Amino acid sequence: GNSVTQMEGPVTLSEEAFLTINCTYTATGYPSLFWYVQYPGEGLQLLLKATKADDKGSNKGFEATYRKETTSFHLEKGSVQVSDSAVYFCALSDLNTGNQFYFGTGTSLTVIP
Amino acid sequence: EPEVTQTPSHQVTQMGQEVILRCVPISNHLYFYWYRQILGQKVEFLVSFYNNEISEKSEIFDDQFSVERPDGSNFTLKIRSTKLEDSAMYFCASSERDRGEETQYFGPGTRLLVL
């Protein structure tokens, strides 16, 4: 079946540090992969996505590359800011198994000045 | 920018009571979803809804749950007789189409606490 395994948190980094949040997946078909972010008091917002192998999604300095060979979609940012403090969710969607999204548990990131 | 809204933001209820969680999806979207997240666990799919009927549901979505689109804007999730284990954050989402790469847009969630 489909599932997403996400790096456990919480993660605390100093401003300008390098961020990696690991995400691996299992899928029966050809999934699309997503990173969502949830800022305090807000909904899940799409951060970036990739729809096929080797695609790179990017937004707001964040990047993730769809690696079929390692079934991974790790989120990276070269220099985090305090405003990046949020919970990050990795997710997959596979139309072969319906419309639902499969999420990881979420990783809480706190960036300190 | 259009967004999905949900009310209430928090709800506390007694076990056995009925609750209705409300959502207003993005206006031109046709596909609607409910998910939940029990504290410390994954966000789990409950149900998807299209053209005024359920298109998919998970094992969690048993007879205690129902969904409805009572008018042209609202999308509701009803839990008929709440249990302690229904305590969770409930997220509503909507999308324009049902293709696999289609983004689902989520609301801020309703935190439900069943006592």
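The values are calculated or read from the model by the stated rules, or taken from the named source; none is laboratory data. The structure displayed is predicted, hence computed values, not measured ones. Don't worry about glycine lacking a Cβ; one is built from the backbone with ideal geometry, like all the others, and counts go over all protein chains shown. We work out accessible area using only protein heavy atoms, side chains counted, and drop any ligands, DNA or RNA first. Shrake-Rupley method; radii C 1.70, N 1.55, O 1.52, S 1.80 Å.
Return the total of residues in segment A:59-69 being out of contact with any helix residue (DSSP H, G or I) (no Cβ under 9 Å at 6 or more places or on another chain) and open to solvent by 80 Å² or more (accessible area, probe 1.4 Å). Explain how you work it out, then say what you get.
Initially, segment A:59-69 is screened for residues out of contact with any helix residue (DSSP H, G or I) (no Cβ under 9 Å at 6 or more places or on another chain), giving A:59, A:63-69.
Narrowing further to those that are open to solvent by 80 Å² or more (accessible area, probe 1.4 Å): A:67-69.
Final tally of qualifying residues: 3.
Please go through segment B:65-77 and give me each residue that is over 30 Å from A:Ser108 (Cα atoms) and either in contact with an Asp or Glu (Cβ under 8 Å, 6 or more places away or on another chain) or without any contact (Cβ under 8 Å) to a residue 12 or more places away in the chain (or both), ordered by number.
Correct list: B:Glu68, B:Pro70, B:Asp71, B:Gly72.
If you take the residues in segment B:62-115 that are small (Gly, Ala, Ser) and in a strand (DSSP E or B), which one is farthest from the other protein chains (Cβ to nearest Cβ)? Break it down stepwise before answering.
Pass one, segment B:62-115, residues small (Gly, Ala, Ser): B:66, B:72-73, B:81, B:87-88, B:93-95, B:100, B:107, B:109.
Within this subset, residues satisfying the condition of being in a strand (DSSP E or B) are B:66, B:88, B:93-95.
On the way: B:Ser66: 18, B:Ala88: 13, B:Ala93: 8, B:Ser94: 11, B:Ser95: 8 Å.
The qualifying residue farthest from the other protein chains (Cβ to nearest Cβ) is B:Ser66.
Enumerate the pairs (first residue in segment A:95-113 and more than 7 Å from chain B (Cβ to nearest Cβ); second residue anywhere and of a type in the set (Val, Ile, Thr) and part of a loop (DSSP other than H, G, I, E, B)) with beta-carbon separation below 7 Å, excluding pairs fewer than 6 apart on the same chain, so at least 6 apart or on different chains.
As it stands, the answer is A:Asn96/A:Thr28; A:Thr97/A:Thr28; A:Val111/A:Val80, since those pairs meet every condition given.
Considering only segment A:76-106, how many residues are on the phi > 0 side of the Ramachandran plot and surrounded by 23 or more Cβ atoms within 10 Å (Cβ to Cβ)?
Within segment A:76-106, residues that are on the phi > 0 side of the Ramachandran plot and surrounded by 23 or more Cβ atoms within 10 Å (Cβ to Cβ) number 1.
Filter segment A:10-53 for residues that are within 11 Å of chain B (Cβ to nearest Cβ), open to solvent by 40 Å² or more (accessible area, probe 1.4 Å), more than 12 Å from the chain's Cα centre (by Cα) and not charged (D, E, K, R) and give the result.
Going through segment A:10-53, the residues within 11 Å of chain B (Cβ to nearest Cβ) turn out to be A:27, A:29-34, A:36-52.
Remaining after also requiring open to solvent by 40 Å² or more (accessible area, probe 1.4 Å): A:30, A:39-42, A:45-46, A:49, A:51-52.
Filter once more, keeping what is more than 12 Å from the chain's Cα centre (by Cα): A:30, A:39-42, A:51-52.
Residues satisfying the conditions are A:Tyr30, A:Tyr39, A:Pro40, A:Gly41, A:Thr51.
For B:Glu44, indicate whether it is at the interface with chain A (Cβ under 10 Å from one of its Cβ atoms), of a type in the set (D, E, K, R) and closer than 18 Å to A:Phe101 by Cα.
On the way: at the interface with chain A (Cβ under 10 Å from one of its Cβ atoms): yes; of a type in the set (D, E, K, R): yes; closer than 18 Å to A:Phe101 by Cα: yes.
Yes; evaluated as a whole, the condition is true for this residue.
Mind counting the residues in segment B:1-54 that are without any contact (Cβ under 8 Å) to a residue 12 or more places away in the chain and surrounded by 15 or more Cβ atoms within 10 Å (Cβ to Cβ)?
So in segment B:1-54, the residues without any contact (Cβ under 8 Å) to a residue 12 or more places away in the chain come out as B:1, B:40-42, B:53.
Now drop any that are not surrounded by 15 or more Cβ atoms within 10 Å (Cβ to Cβ), which leaves B:42.
Number of matching residues: 1.
Kindly indicate the residue of segment A:54-94 that is part of a loop (DSSP other than H, G, I, E, B) and within 12 Å of chain B (Cβ to nearest Cβ) and also nearest to the chain's Cα centre (by Cα) among those meeting that condition.
Of segment A:54-94, the ones part of a loop (DSSP other than H, G, I, E, B) are A:54-55, A:60-61, A:66, A:68-71, A:73-74, A:78-81, A:85, A:94.
Still in the running and within 12 Å of chain B (Cβ to nearest Cβ): A:55, A:66, A:94.
Details: A:Asp55: 14, A:Tyr66: 11, A:Asp94: 16 Å.
Here the residue is A:Tyr66.
Which numbered condition trips up B:Phe106, out of (1) open to solvent by 30 Å² or more (accessible area, probe 1.4 Å); (2) within 12 Å of the chain's Cα centre (by Cα); (3) not charged (D, E, K, R)?
For B:Phe106, the exception is condition (1).
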